[in-house]
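In what follows, a single structure is set out as structure tokens and then discussed.
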Amino acid sequence: MRKVSILGATGSIGQNTIDLISRDPKAYDVVALTGGQNIAQLAKDAIDLNADVAVIADENLLPELRAALGDSSVEAAAGNQAICEAATRPADWVMSAIVGAAGLAPGLKALEQGAVLALANKESLVTAGPLILGTAKAHNARILPVDSEHSAVFQGLAGEDFDTVERIIITASGGAFRDWSLEDMAVATPAQASSHPNWNMGQRITIDSASMFNKALEVIETKEFFGCPHEMIEVLVHPESMVHALVGYNDGALMAHVGPADMRHAIGYALHWPLRRKLPVERLDLAKIGQLHFRDPDLVRYPALRLAHEVMQAGGLSGAVFNAAKERAMDGFIEGRIGFLEMAEVVEEVMARLDRRHINAEMTLDTVSKTDHLARQTADAVMAERH
Ligand code: NAD
Ligand code: MG
């Protein structure tokens with residue numbers, strides 16, 4: 001039996017992971033499940049999967065979690081420290097599916113104990129790529145990408161010499177506002193931004209898809225994970241979301257990864273790697289689909305893509321600034337304090353205000369977290385000045 005833990009078990013990726021492992025319960029020994037606030041889901045899954053421990057991020061919810069676990073043998077814990085502690089419990093495979101910068105510290109703990117880290121939390125690589133990769137190396141631990149584009153690139157590189165790769169192309173659906181005018185985007189509501197045409201995901205990544213901040217994070221994630229120069233990475237708008245990424249080789253070949261828009265493919269690939277196992281996802285009928293479409297992204301509509309290249313050129317802690325400012329600007333949008341298009345303006349302003357002194361500090365969990373905090377404060381100040 002393989003020992004597995006799921007960080008962010010109550011979310012969209014977490015639930016898809018549980019769907020896969022619960023189809024073969026004899027193969028997995030579930031160690032820890034963690035959630036943010038959803039006690040009922042966390043307790044149900046922890047009992048069903050007979051987990052050793054269930055951890056809820058919100059400390060105030062510990063009594064409720066205890067009550068929900070009833071007289072089951074599942075241990076209850078709460079708080080960020082407890083999530084990190086759960087990640088240190090010996091496991092062979094840990095899914096990192098907490099959303100946002102909060103996913104970094106527990107992911108590092110899982111790597112320190114030498115687990116395979118299935119990394120859905122893209123913010124870890126964006127905010128602290130060298131730190132997380134260095135930690136994996138130091139502890140002989142492996143990181144496997146779960147973001148669909150990165151899983152597709154990883155599969156497109158299998159067995160090839162990386163020196164023969166000329167370009168890496170990741171696709172973008174274009175999100176909820178693909179066909180909207182800029183005037184309409186300016187007055188879009190959080191509810192409108194929270195519905196994705198092709199993928200069923202958590203609210204924050206869905207809003208990030210509409211603004212292409214998600215793609216911006218993924219471009220940076222690509223550079224960090226595959227260690228390639230930023231000029232090698234391209235974004236292609238592909239409304240059908242069936243080709244997830246392409247790897248271009250020096251003989252002109254483009255190796256495309258084609259598959260359904262179902263995260264259980266990428267999760268399952270990381271779960272079974274280096275093997276391929278049968279997965280319960282749709283088999284595409286290309287003759288029925290008939291046509292696939294591709295176009296270049298419009299950088300005026302999607303300033304986040306331009307900002308991503310600025311981040312990659314600046315390096316250091318600029319990814320932490322970018323991500324934190326983006327997370328805070330999204331809070332502002334969800335709470336109705338700023339408009340949809342203002343999110344990118346706020347992020348750009350925060351990047352301009354935090355000078356190189358901050359960005360060039362040595363990268364440790366502490367400096368990443370201080371930079372994150374400072375960028376959030378600066379984003380709040382920028383938003384307050386604007387309204
Ligand atoms: P989600 O919002 O559905 O779930 C997030 C999980 O993290 C939940 O369990 C939530 O309770 C928990 N959480 C939230 N804030 C927390 C905090 N401060 N501390 C501890 N736990 C907290 O998100 P999701 O869509 O499942 O995405 C998870 C991660 O995977 C994100 O980084 C996202 O960008 C990435 N990702 C998601 C998809 C997808 O299809 N959903 C695809 C690629 C990458
Ligand atoms: Mg993705």
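Bear in mind these aren't lab numbers, they're just calculated from the coordinates by the rules spelled out. As the structure is a prediction and not an experimental result, all values here were calculated from the model. Neighbour counts are summed over all protein chains in view; Cβ atoms, including those assigned to glycine, are modelled from backbone coordinates with ideal geometry.
For a Förster distance of 25 Å, can you work out the FRET efficiency between the beta-carbons of LEU365 and ASP24, rounded to the nearest 0.05?
Here the calculated transfer efficiency is 0.10.
Can you tell me how much longer the chain between ASP298 and ASN140 gets when fully stretched, taken as 0.36 nm per residue apart minus their C-alpha distance, in nm with one decimal?
52.8 nm
Using a Gaussian network model of the chain whose springs link C-alpha atoms within less than 10 Å, name the residue from PRO197, PRO130, PRO280 with the highest mean-square fluctuation.
PRO280
I need the shape label for the range 212-252. Rule: rounded when a/c is under 1.5, else prolate if a/b > b/c, else oblate, with a, b, c from the alpha carbon gyration tensor.
Here the range 212-252 falls in the oblate category.
Can you compute the FRET efficiency between LEU182 and GLN377 using 1/(1 + (r/R0)^6), with r the Cβ-Cβ distance and R0 = 30 Å? Round to the nearest 0.05.
0.50
Going by a ≥ b ≥ c, the root eigenvalues of the Cα gyration tensor, does the range 56-98 fall in the rounded group (a/c under 1.5), the prolate group (a/b larger than b/c) or the oblate group?
Oblate.
Taking only DSSP H segments of four or more residues, each worth -39500 (n - 2.57), what value at 222 nm results for the chain once the sum is divided by all its residues, to the nearest 500 deg cm²/dmol?
After summing the helix terms and dividing by the residues of the chain, the value is -14500 deg cm²/dmol.
Tell me the trypsin sites (Lys or Arg not before Pro) within the range 177-266 that lie in a loop according to DSSP and have at most 16 other beta-carbon atoms within 10 Å.
Passing both the DSSP loop test and the Cβ count: ARG178.
Divide, for the chain, the radius of gyration over alpha carbons by 2.2 N^0.38 Å, where N is the residue count.
0.96
Around VAL281, with a cut-off of 9 angstrom between Cβ atoms, what is the net charge of the other residues, counting Lys and Arg +1 and Asp and Glu -1?
0
How high is the relative contact order of the chain, in percent, counting Cα pairs under 8 Å that sit 6 or more residues apart?
14
What is the calculated FRET efficiency for ASP58 to ARG353, with r their C-beta to C-beta distance and R₀ = 35 Å, to the nearest 0.05?
Given R0 = 35 Å and the Cβ-Cβ separation, E is 0.65.
Between the DSSP loop rule and a limit of at most 14 other Cβ atoms within 10 Å, which GluC sites (Glu not before Pro) in the range 131-212 are left?
Within the range 131-212, the qualifying GluC sites (Glu not before Pro) (loop, at most 14 other Cβ atoms within 10 Å) are GLU160.
Considering only ALA78, ALA324, ALA287, give the residue with the highest GNM mean-square fluctuation for the chain, with springs between Cα atoms whenever their separation is below 10 Å.
Judging by the Gaussian network model, the answer is ALA287.
What residue among VAL219, VAL146, VAL300 shows peak mean-square fluctuation when the chain is described by a Gaussian network model with Cα springs under 10 Å?
Highest fluctuation among the options: VAL300.
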